[in-house]
Amino acid sequence: PECNKELILCKGEIRVHHFRHRVDNVNPCHHYSYPTEAQIHKDAKILLKNILERKIPISFIRNCCSCKKNEEFEIPEISETSTIQLEYRFEYNGVKIADVAYIDNGDIVCIFEICNTHKTCSDNRPEPWFEINAETLIKMVNDNSLTLLQIPCIRREKCDDCIDNEKQSIIKKNEALDIL
């Protein structure tokens, strides 16, 4: 679909059945050898959607930018009332589009953004949401030795403990000022 070139169905007895391109030395397809940024992004979105729909155990690891502690977020398994949607339009400080959205009964459970070259602005998504490096996701899923997918989130955010500590610090400062 990317190069619109004709394919040949190969149905041999030794290798698994597959399609291949006709030999074209003038203008060959580079989809697999040199995929474009757009193709890597698209492949990672479809891959994540398939992982979620196949109910593979998955969690996301986010490193706190303040205390450096890792937080693990488990994604609930999809049910009969939930769907995983690509390019999901939603309203959040204006119309936004999520790369992948986990929807249950019409409500957003979680949003996933796939990053290949440009990160998403943190203010543009409701929590919980995770940003995933496209190439990291593709490599992890293709690693057959993994039994559990723990995908790193590349967002640079503070953990809940650091946010709570900052709030407590502000409250204590304000109380100290009130005493003065």
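The values are calculated or read from the model by the stated rules, or taken from the named source; none is laboratory data. Worth saying up front: this structure is predicted, and the values here are computed from it rather than measured. We place every Cβ from the backbone using ideal geometry, glycine too, and count neighbours over all the protein chains shown. The area values use the complete protein model at the heavy-atom level, side chains included, leaving out ligands, DNA and RNA. Shrake-Rupley method; radii C 1.70, N 1.55, O 1.52, S 1.80 Å.
Odds and ends about this structure:
Yes/no matrix, rows are residues, columns are (1) open to solvent by 80 Å² or more (accessible area, probe 1.4 Å); (2) at pLDDT 80 or above:
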site	(1), (2)
ARG15	yes, no
HIS31	no, no
LYS45	no, yes
PRO57	no, yes
GLU74	yes, yes
GLN85	no, yes
GLY106	no, yes
ILE111	no, yes
CYS115	no, yes
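- Selection from the stretch 134-157 of residues that are of a type in the set (Lys, Arg) and open to solvent by 80 Å² or more (accessible area, probe 1.4 Å): LYS139, ARG156
- Check on ILE138, modelled with pLDDT of 85 or more and part of a helix (DSSP H, G or I): yes
- Output for the stretch 124-138, where each listed residue is without any contact (Cβ under 8 Å) to a residue 60 or more places away in the chain and over 19 Å from TYR92 (Cβ atoms): ASN133, THR136
- Residue check for ASN93: open to solvent by 70 Å² or more (accessible area, probe 1.4 Å) and of a type outside the set (Gly, Ala, Ser): yes
- Residues in the stretch 60-72 that are surrounded by 14 or more Cβ atoms within 10 Å (Cβ to Cβ) and within 18 Å of MET140 (Cβ to Cβ): PHE60, ARG62, ASN63.
- Just one of the listed residues (PHE90, PHE19) is more than 24 Å from ASP160 (Cα to Cα), modelled with pLDDT under 90 and part of a strand (DSSP E or B), and it is PHE19.
- Scope the stretch 80-132; condition over 12 Å from the mean Cα position of the chain (by Cα) and among the basic types (Lys, Arg); matching residues: ARG89, LYS96, ARG125
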